[in-house]
1. Quick one: if you stick a label point 7 Å off each Cα along the C-beta vector at N30 and L1, how many nm between them?
2. By its C-alpha gyration tensor, with a ≥ b ≥ c as the square roots of the eigenvalues, how is the chain shaped: rounded for a/c under 1.5, else prolate for a/b larger than b/c, else oblate?
3. Which of the residue pairs K5/K42; K9/K44; K20/K42; K7/K42 have a Cα-Cα distance greater than 18 Å in the structure shown?
4. Can you tell me the dipole magnitude for the chain around its Cα centre, using point charges on the Cβ only (Lys, Arg +1; Asp, Glu -1), in Debye to the nearest 20?
5. Which trypsin sites (Lys or Arg not before Pro) in the chain sit in a loop by DSSP (not H, G, I, E or B) and have at most 16 other Cβ atoms within 10 Å of their own Cβ?
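We did not get these values from a lab; they are worked out from the coordinates using the rules stated. It should be emphasised that the depicted structure is a prediction, and the values quoted were computed from it without experimental measurement. Here the Cβ positions follow ideal geometry from the backbone for every residue, glycine too, while neighbour counts run over all protein chains shown.
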Amino acid sequence: LAAVKIKQKWGYFNQKSLIKITPFQFDSANEFKQGLAGVRIKDKWGYINSAGVWVWQPTQ
């Protein structure tokens, strides 16, 4: 999955350029490594898996 920014928010597309994780809700988004990606909402960071499910809820 690739992190993509649209209208000031981040989300993820798959290899076919289809939106994979919606809605575009993240203020910052890192690339996936070992199945997880660090994402930020406001001033809190957490981790999501490739299905967009939180595996570590956002914290400061």
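1. Placing both labels 7 Å along Cα→Cβ, they lie 1.5 nm apart.
2. Because a/c hits 1.5 or more and a/b fails to exceed b/c, the chain counts as oblate.
3. Over 18 Å apart, Cα to Cα: K20/K42.
4. Working: 9 positive and 3 negative charges, 30 e Å.
Roughly 140 debye for the chain.
5. The qualifying sites are K7, K16, K42.
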